[in-house]
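Engineer: Sending over a structure as structure tokens; questions will come in a sec.
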Amino acid sequence: MTQKDDEQKNLTDHEYDGIREYDYQLPTWWLNLFYASIVFAAGYFIWYQWMDGRSIQEEYQAEKAKLDIILANEASKSATVSEADLLALVKEPAQIKAGKEVFQNRCAVCHGAQGQGLIGPNLTDEYWLHGGKLAQIAQTVTNGIPEKGMPPWGPLLTPQQIHSVVAYIRSIRGSNPPNAKAAQGELYKE
Amino acid sequence: MNQPEKAQEFDSFSYDDDIVKKFVHATLIWGFIAMLAGVFIASQLANWRLNLGLPWITFGRLRPVHTNGAIFAFAGNAVFAGVYYSMQRLLKTRMYSDLLSRVHFWGWQLIIVAAAITLPLGYTVGKEYAELEWPIAFAINVIWVIFAFNFFKTIQIRRERHIYVAIWFYIATILTTALLHVLNTIQIPVSMWKSYPIYSGVQDALVQWWYGHNAVAFVLTTPFLGLMYYFLPKAADRPVYSYRLSIVHFWSLVFIYIWAGPHHLLYTALPEWAQTLGMIFSIMLIAPSWGGMINGLLTLRGAWNRVRTEPILKFFVAGLTFYGMATLEGPLLSIKSISAVGHYTDWIIGHVHGGTLGWNGFITFAMVYWLVPRLWNTKLYSEKLANLHFWVGFLGTLTYVISMWTAGITQGLMWRAIDASGKLVYPDFIETVTRIVPLYYVRAVGGALYLSGFVIMLYNIYRTIALAPKEVEPVVVRAPKLLEPTFEMLGRKPHRILEGLPGLFAVLSFVAVAVGTFIELTPAVLSSDYVAVNPAVKPYSPLQLQGRDIYVREGCYLCHSQMVRPLISETLRYGSYSRAEESVYDRPFQWGSKRTGPDLARVGGKYPDLWHYRHMMDPRDVTPDSIMPIYPWLYRDKIDFDVLKKKLQVMKSLGVPYTDDEVEHASDLAHEEAHRIASGLVAQGVPADTEDKDIIALIAYLQRLGADFKKGLIQ
């Protein structure tokens, strides 16, 4: 059969404003694609809604449990830092430099570029809302005061970064920057 | 009746081509404006300075101008042009009423003008592609009914026994769009330009995305398939490939499409069974969508040699190919695990533009190049320019789509990256933004290329029309009158019979879309325990409500989501996932669909008031590389305290548990709260006259977001 015959055979008698229609068979691959998608859809629905398929919630809880174990491990690793360790860091110029960088990137928006206080309190004076011991400051920085708008930095910074920024804060104590915010909290002296 | 066949009478009549010309003009004018707005907002994302600090051209207000303009003004007018041209010829009759055609035309243009004025002014419902406030939404319903009436009456007076596949698609379009638009825009007015939807939270989200997805289906897909079925065989001068493929893909497309809406809500607080339905119906859509592409491309068998030279056929081939690509990509993005990466990113923007630029744009261009010389009884001014348009448009589309794929996938992967110690690799959201800003420039270039192609077409069409003969005799058509059908005349095959009974056809196609609608929406809309109401969660305070309306007005939802998904990377970044109870008082819901900025569902209490005060003034003050616009007018404009009582009344009538006392004293309550917030700020150096400014209401709202969850009121 020539192509012409084939076309003639498949041509319908429909005509609309000069448009004619063939009536070729549905392409097999197309039909199979359609059937396959229907079978997949039905199977998917049955498995996930009515059988053992894990729901989004179950999936999430499983992932969350794994994450919690990792986080607990990490927390136990970094929990042990003493006041003396932190004080020692204050003498290391490399630590102060690293701490300053973190401070400028993360803290300056709220505490001012010189730590003079802005949205958050002045960090260069001797008054502290949450304790002026370096270990206490490290605590404040790690856990934040979320209800007062001080973000927790534990999830964002590594323990090393937190320690160096604490060292940096200690290094600017008494620097008396201009426009400093009035003191808040209790006096603390080492 | 028993008239003898041979005594058939002939009618002489002419087609109303003037209405087609009008719609072609409108398509070209609005197309230019909508695309220009698109290029402009794309540039604003690349460079925030282009927001210029002016309220009415800021990103959040202009994006709806672009989206609504492109969908309803450009594509809408193109569809009407094609429908009026083709249906008269396919039905061998003039339109039922020229007057109604004109009411339709001018009504539609007025609606567009009203939209173009009100959206920049911030009058918006705050639901994507349904932003137009109630008077305009109502006008759309009226004009649509007029169009539908004229359309069905024209079918009734046809001189062609059977209706062609293009008409099937038009029928499905007209009925479904009416259903979608009416159900999604039921809202209670507060004032001339403000209303609240009757649905809230999860319900609103479900109805909105049932609408939003099917706006894509029944405004950008089915009518364009109808146009393709008329103009492609005409342009190619070839018979349509397969009648039975038309039947199978038409019915399967119409039946399946309507279910797929919830794929926009995967991993949200929508009940999972509805999400699963959205996903599986999307998968089942691949073949029905491709049916249209195959039928189009195979119609070109025997005309492929002409594709190389004729720009019209090039546009058709590329348009159909982009359609095939987009309708494969869409279902893939509906697979839950792929959605987890792609949702909220620019991948979705790339996906949409593959469809709109590639499919809707190119089919429209093909149609316009084919129509204009015929309507004006002349020849196209320049084939060469049309070819140039094609290549520039093609390159523009590819540039756009590829840059957005890259941006979307890059950002999606950055958001979820977690290192071995359980920390986010990119904890700063802004890092994931600065990484893709270069691609925003590339995208803007892609859009600009596409727009240049369009301008080339405008010039070409302008010259073509200028060349046209001024006086043209109207063409008189002769066609036999249609006799009362006998069963014999309708044909033997069931579907052929149905094609002779358009009323029944319309009913059946309505049933096809009603099934999915009913099964998905009724549980949400009717059942009160679909979302458990938690008595501990209080409605918004009057000031927070006012702040929320400012959030809606400024289109913050176009850059920010308020829906944390149950994925651990999101828990680390934002906190625990969003619960359905958290949005029971949200009218409209503001879950969002795009995270150009971070999710805000848990932003309450994250920062002090002063942080927000400075951030909204200039985001760069607190986040140096931010691309968020500045909002200086929020510091100048005063809070409208007087409207609050009315707002609370409307909310109360919708079932929000405000006490009578709260409604009565709404304004006082708001004043008190504003005073509290402002005094805190003033103590920190903010100007003393801030208390009655919009920014205070907005801060009140932002600080409420997620606060109930953080207080432990929601488990």
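Engineer: Looking at this model, which pairs from A:LYS4/B:LYS153; B:LYS21/B:LYS127; B:LYS22/B:LYS594; A:LYS133/B:LYS606; B:LYS638/B:LYS710 are more than 29 angstrom apart at the alpha-carbon?
Structural biologist: Flagged as over cut-off: A:LYS4/B:LYS153; B:LYS21/B:LYS127; B:LYS22/B:LYS594; B:LYS638/B:LYS710.
Engineer: From other protein chains only, count the Cβ atoms within 10 Å of every residue's Cβ in B:236-244, then give the mean.
Structural biologist: If you average over the peptide's residues, the count of other-chain Cβ atoms is 6.
Engineer: B:ILE497 to B:VAL533: FRET efficiency via 1/(1 + (r/R0)^6), r the Cβ-Cβ distance, R0 45 Å, to the nearest 0.05?
Structural biologist: After rounding, the FRET efficiency stands at 0.30.
Engineer: Which three semi-axes in whole Å describe the equivalent ellipsoid of the protein assembly as shown, each the square root of 5 times a Cα gyration tensor eigenvalue, listed largest first?
Structural biologist: 57, 28, 27
Engineer: Cα centroids of the range B:217-241 and the range B:120-145: how far apart, whole angstrom?
Structural biologist: Between the Cα centres of the range B:217-241 and the range B:120-145 lies a distance of 29 Å.
Engineer: Could you give the DSSP H helices of chain B that reach 24 angstrom or more along their long axis (alpha carbon positions) and whose average Kyte-Doolittle hydropathy is no lower than 1.6?
Structural biologist: Passing helices, by number: B:165-184, B:502-526.
Engineer: With +1 on the Cβ of every Lys and Arg and -1 on the Cβ of every Asp and Glu, and nothing else charged, how large is the dipole of the protein assembly as shown about its Cα centre, in debye rounded to the nearest 20?
Structural biologist: 1800 debye
Engineer: At 7 Å along Cα-to-Cβ for each site, give me the label-to-label distance between B:ASN387 and B:GLU471 in nm.
Structural biologist: Reported label-point gap for B:ASN387 and B:GLU471 is 3.8 nm.
Engineer: In percent, what relative contact order does chain A have, based on Cα pairs under 8 Å that are 6 or more apart in sequence?
Structural biologist: 21 percent
Engineer: A follow-up question, please. Hey, quick one: spin label on A:ASP17, modelled 7 Å out along Cα-Cβ, who in the range B:213-234 has an amide N within reach, i.e. under 13 Å?
Structural biologist: Under cut-off, by backbone N: B:226-234.
Engineer: Within the set of other residues whose C-beta is less than 11 Å from the C-beta of B:VAL643, count the net charge using Lys and Arg as +1 and Asp and Glu as -1.
Structural biologist: Combined, the nearby Lys, Arg, Asp and Glu give +1.
Engineer: Using 1/(1 + (r/R0)^6) with R0 = 51 angstrom and r between the beta carbons of A:TYR35 and B:ARG463, what's the FRET efficiency to the nearest 0.05?
Structural biologist: With a Förster radius of 51 Å, E is 0.50.
Engineer: A further question follows. What ranking, highest mean first, results for peptides B:692-704, B:319-331 when packing means the other Cβ atoms within 10 Å averaged over each residue?
Structural biologist: Top to bottom by mean Cβ count within 10 Å: B:692-704, B:319-331.
Engineer: Okay, moving on. Mark the label point 7 Å from the Cα of B:PHE518 along Cα→Cβ and return the residues of the range B:244-270 whose backbone N is within less than 16 Å of it.
Structural biologist: Once the point is set 7 Å along Cα→Cβ of B:PHE518, B:255-256, B:258-259 turn out to lie under 16 Å by backbone N, inside the range B:244-270.
Engineer: Taking the alpha-carbon centroid of each part, what is the distance from the range B:654-707 to the range B:627-648 in angstrom?
Structural biologist: 11 Å
Engineer: Between A:SER55 and B:GLN715, how high is the FRET efficiency from 1/(1 + (r/R0)^6) when r is the Cβ-Cβ distance and R₀ = 25 Å? Nearest 0.05.
Structural biologist: Efficiency at R0 = 25 Å is approximately 0.90.
Engineer: Shape call for the range B:542-710 from the C-alpha gyration tensor, a ≥ b ≥ c root eigenvalues: rounded (a/c under 1.5), prolate (a/b greater than b/c) or oblate?
Structural biologist: It comes out oblate by the Cα gyration axes.
Engineer: Given labels modelled 7 Å from the Cα in the Cβ direction, how far is it in nm from A:GLN160 to A:LYS148?
Structural biologist: 3.1 nm
Engineer: Something else now. Treat each spin label as a single point 7 Å out from the Cα along the C-beta direction, and report the B:MET192 to A:GLU101 distance in nm.
Structural biologist: Label at B:MET192, label at A:GLU101, 5.9 nm between them.
Engineer: Within 10 Å of each Cβ in peptide A:27-39, how many partner chain Cβ atoms are there on average? Round it to a whole number, please.
Structural biologist: Average per residue, whole number: 5.
Engineer: Right, here's the next one. What order do you get for B:277-284, A:154-161, B:368-375 when each peptide is scored by the mean count of other beta carbon atoms within 10 Å, highest first?
Structural biologist: B:277-284, B:368-375, A:154-161
Engineer: Same structure again: For the ranges B:209-219, B:653-663, what's the packing order if you count other beta-carbon atoms within 10 Å of each residue, average per peptide, and put the highest first?
Structural biologist: My ranking of the peptides, most packed first, is B:209-219, B:653-663.
Engineer: Enumerate the residues in the range B:530-561 having an amide nitrogen under 11 Å from the point lying 7 Å beyond the Cα of B:ASP637 toward its Cβ.
Structural biologist: B:549-555
Engineer: Once you have the Cα-Cα distance between B:LEU504 and B:LEU654, take 0.36 nm times their residue separation minus that, and quote the gain in nm to one decimal.
Structural biologist: Working it through step by step, the gained length comes to 50.2 nm.
Engineer: Sticking with this structure for a sec: Going by the alpha-carbon gyration tensor, a ≥ b ≥ c the square roots of its eigenvalues, is chain B rounded (a/c under 1.5) or, if a/c is not under 1.5, prolate (a/b greater than b/c) versus oblate?
Structural biologist: prolate
Engineer: If you don't mind, there's one more thing I want to ask. Rounded, prolate or oblate: which one fits the range B:558-611, using the alpha carbon gyration tensor with axes a ≥ b ≥ c (rounded when a/c is under 1.5, else prolate when a/b beats b/c, else oblate)?
Structural biologist: Cα axes put the range B:558-611 in the rounded bin.
Engineer: Hey, another quick one. Subtracting the Cα-Cα distance from 0.36 nm times the residue separation, let me have the gained length for B:LEU413 to B:LYS379 in nm, one decimal.
Structural biologist: 7.1 nm
Engineer: Here is a follow-up. Using only atoms on other chains, find how many Cβ atoms lie within 10 Å of each Cβ of peptide A:65-71 and report the average.
Structural biologist: Other-chain Cβ atoms within 10 Å of each residue's Cβ, averaged: 3.
Engineer: To continue, here is another question. Got the relative contact order for chain B handy, in percent, Cα pairs under 8 Å and 6 or more residues apart?
Structural biologist: Relative CO of chain B lands at 17 percent.
Engineer: For the protein assembly as shown, what is the calculated [θ] at 222 nm in deg cm²/dmol (nearest 500), taking -39500 (n - 2.57) for each run of four or more DSSP H residues and dividing by its residue count?
Structural biologist: Per the formula, -18500 deg cm²/dmol.
Engineer: Around B:ARG553, with a cut-off of 10 angstrom between Cβ atoms, what is the net charge of the other residues, counting Lys and Arg +1 and Asp and Glu -1?
Structural biologist: Summing Lys/Arg as +1 and Asp/Glu as -1 gives 0.
Engineer: Roughly how far apart, in whole Å, are the Cα centres of the range A:55-71 and the range B:244-279?
Structural biologist: Cα centroid to Cα centroid, the span is 29 Å.
Quick note: the coordinates plus some simple rules give every number you see, no bench work behind them. Predicted model, so just to flag it, every value in this text is computed and none were measured. With ideal geometry, Cβ positions are generated from the backbone for all residues, glycine too; neighbour counts draw on all protein chains shown.
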